[in-house]
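Peer 1: Have a look at the structure that comes next, please.
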Amino acid sequence: MKFLSLIGALAIIVAVAAAVFFFGGFYNVAATQVDLPVVAWALEHVRDASINRHAVDKPPATMDDPATIQTGARAYATRGCVSCHGGPGVMWAKFSEGLRPDPPDLKDAVKDLTPAQIFWVIRNGINMTGMPGFNLVEATDQEIWTIAAFVKKIPSVSEADYKAWTVGAAPPAGETPPPK
């Protein structure tokens, strides 16, 4: 019985210490600081579990259609996605290096994601990452699916194709176009 009391007391002490650490302002939320490993681990697992639970929309049959992918590339460039994630032959904007966590390199990230998961992330964004929800900026689900189709194909898109597909594409008014 004393052992269980000791475990309970330790659990309470740890909970109080964690509350004081986080809610007392001791945890540094500055983007210039790397998250503690336990915080990074927890955020990653919460993010992945949330995406897995909520990404239930079925992709349209046109996900592999070249015209859909090209339309998605243009929307990707127009919506400013290239600013944080870059694109084939295009570096991301310098400001994206100050985001924490870092925006993922989509060539690597999409390998483990389904089209439904990519769509969900683009549509809803990811809290506390700088990734906006594009449905909040009046992007239609149809447009978001085209972006998802392009993003899923990013690893196989050549620099020349991306350049040809996005010629003349620019971010909406008020946004700075990405550097060339």
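The values are calculated or read from the model by the stated rules, or taken from the named source; none is laboratory data. Just so it is clear, the model here is predicted, and its values are computed rather than measured. Quick reminder, even Gly has a Cβ in these numbers, built from the backbone with ideal geometry, and neighbours come from all protein chains shown. Just so you know, the surface numbers come from the protein's heavy atoms only, side chains and all, with ligands and any DNA or RNA stripped out. Shrake-Rupley method; radii C 1.70, N 1.55, O 1.52, S 1.80 Å.
Peer 1: Return one number: the angle in degrees, 0 to 90 and rounded to the nearest 10, between the long axis of the Cα atoms of helix 141-153 and the longest principal axis of the Cα atoms of the chain.
Peer 2: Compared with the principal axis, the helix lies near 90 degrees.
Peer 1: Compute the length gained on full extension between Thr140 and Met1: take 0.36 nm times their separation in residues and subtract their Cα-Cα distance, giving the result in nm to one decimal.
Peer 2: Working: separation 139, 0.36 × 139 = 50.04 nm, distance 6.02 nm.
Stretched out fully, the Thr140 to Met1 stretch lengthens by 44.0 nm.
Peer 1: Pick from Lys163, Lys58, Lys152: which residue has the top mean-square fluctuation in a GNM of the chain where Cα pairs under 10 Å get a spring?
Peer 2: Fluctuation is largest for Lys58.
Peer 1: Which whole number in µm²/s is D for region 20-67 by Stokes-Einstein, with the Kirkwood Rh taken over Cα pairs at 25 °C and 0.890 mPa s? Before the final figure, lay out the partial values.
Peer 2: Working: Rh = 14.2 Å.
Stokes-Einstein gives a translational diffusion coefficient of 172 µm²/s.
Peer 1: To continue, here is another question. Taking springs between alpha-carbon atoms closer than 10 angstrom, which of Ala49, Ala17, Ala109 fluctuates most in the Gaussian network model of the chain?
Peer 2: Ala17
Peer 1: Among Asp102, Asp112, Asp64, which one shows the highest mean-square fluctuation when the chain is modelled as a Gaussian network with alpha-carbon springs under 10 Å?
Peer 2: Asp112
Peer 1: Separate question: Could you give the angle, 0 to 90 degrees to the nearest 10, between helix 37-54's Cα long axis and the longest principal axis of the Cα atoms of the chain?
Peer 2: With rounding to tens, the tilt is 60 degrees.
Peer 1: Just reorder Met128, Met91, Met63 by solvent-accessible area, largest first, 1.4 Å probe, all chains present. All intermediate terms of the calculation are to be shown ahead of the outcome.
Peer 2: Numbers: Met128 145, Met91 120, Met63 20 Å².
Largest accessible area first, the residues go Met128, Met91, Met63.
Peer 1: In nm, give the distance between the simple-model label positions of Val56 and Ala109, each being 7 Å from the Cα along the Cα-to-Cβ direction.
Peer 2: 2.4 nm
Peer 1: Let me ask something else about it. When the convex hull of the C-alpha atoms of the chain is computed, what volume per residue in Å³ does it have? Walk me through the intermediate numbers first.
Peer 2: Details: hull volume 26.6 nm³, N = 180.
Normalising the Cα hull of the chain by residue number yields 148 Å³.
Peer 1: Residues with amide H under 5 Å of Met131's amide H, sequence separation 5 or more or different chain, H placed in the peptide plane at 1.01 Å from N; which?
Peer 2: Long-range HN contacts for Met131: Ile126.
Peer 1: What angle, in degrees between 0 and 90 and rounded to the nearest 10, separates the Cα long axis of helix 66-78 from the longest principal axis of the Cα atoms of the chain?
Peer 2: Here the helix axis deviates by roughly 70 degrees.
Peer 1: Something else now. If one computes the Cα centroid of region 41-60 and of region 92-134, what distance in Å separates the two points?
Peer 2: Region 41-60 and region 92-134 have Cα centres separated by 12 Å.
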